[in-house]
Amino acid sequence: MSDTAPDAITLLKEDHRAVEKMFKEYEDAGTPAAKRKIAERIAGALNVHTRIENEHFYPACEGKVEEADLKEAYVEHDAANVLIAEILASTKGDDFAEAKVKVLKEEIEHHVGEEERWLTGIFSQAKRHGVDMDALGVTLAEAKARYEAELAKDGPEVHLAALKKTKVAV
């Protein structure tokens, strides 16, 4: 990855907009098969996104962002990961599949709002308190490329076990 990677906040916001677009595509899809394919794309994108945040972005924010905000973000990721795992594991006969995707969308919208909130959001706090967003952007872009390659090679189902292991689980 080159030094032309976007800064960390730009990269993460681009991910947020891409997932929002996928949720809209899901809502507009006409067939269960089309919805399933889009749900798998959403799951893959969120798997990669939560990994780069949990493994790189949030640790870089420790001591710079309110600890309670970071803890809440980890818990929100954990909740989303449980739903993602259920969506990926669901079969064609899952009467709750659409409800699970809808709840996931609502959880993600809430989470994104808290990260992007002006002045008090995680992104604003991190930037204001000196997290090097340019260097972190390079790190996130490299990790994202690695994780996307793993997902493309393995498929999303291989990552079910990892999704079910939460950061805050005892």
In Å, the C-alpha Rg and Dmax of region 90-147 are 16.8, 50
Which residues does a label at GLU20 reach in region 46-83, if reach means a backbone N under 17 Å from a point 7 Å past the Cα toward the Cβ? 46
Can you tell me which aspartates and glutamates have their Cα less than 15 Å from the Cα of LYS71? Leave out same-chain residues fewer than eight positions away. GLU53, GLU55, GLU62, GLU114, GLU115
Of all the accessible heavy-atom surface of the chain, with the other protein chains kept in place and a 1.4 Å probe, what percent is carbon and sulfur? 56
Bins of 10 Å, starting at 0 and running to the largest distance - Cα pair percent for region 1-97: 14, 40, 30, 14, 2
Using only alpha-carbon positions, what ratio does the radius of gyration of region 48-89 give when scaled by 2.2 N^0.38 Å? 1.26
Let's test the formula: R0 of 25 Å, r as the Cβ-Cβ distance of ALA33 and ALA145. What FRET efficiency results, to the nearest 0.05? 0.30
Residues in region 38-71 near a label at VAL103, defined as backbone nitrogen under 19 Å from the 7 Å Cα→Cβ point? 39-40, 42-44, 46-47
Which angle from 0 to 90°, rounded to the nearest 10, does the C-alpha axis of helix 8-28 make with the longest principal axis of the chain? 20
Helix-derived [θ] at 222 nm for the chain: sum -39500 (n - 2.57) over DSSP H runs of at least 4, divide by residue count, nearest 500? -24000 deg cm²/dmol
Square roots of five times the Cα gyration tensor eigenvalues for the chain, Å: 27, 17, 15
Pairs of alpha-carbon atoms within less than 8 angstrom and 6+ residues apart define the contacts here; what relative contact order does the chain have, in percent? 40
Order the peptides 110-123, 132-145, 46-59, 22-35 from the highest to the lowest mean number of other Cβ atoms within 10 Å of their residues. 46-59, 132-145, 110-123, 22-35
Average accessible area per residue (Å²) across the chain - probe 1.4 Å, nucleic acids and ligands excluded: 54
Too long for a 28 Å Cα-Cα cut-off, among LYS127/LYS153; LYS13/LYS102; LYS13/LYS37, are LYS127/LYS153
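The values are calculated or read from the model by the stated rules, or taken from the named source; none is laboratory data. Quick caveat: nothing in here was measured; it's all calculated off a predicted structure. Ideal geometry is used to build each Cβ from the backbone, glycine not excepted, and the neighbour counts take in all protein chains shown. What goes into the accessible areas is simple: the full protein's heavy atoms, side chains included, and nothing from ligands, DNA or RNA. Shrake-Rupley method; radii C 1.70, N 1.55, O 1.52, S 1.80 Å.
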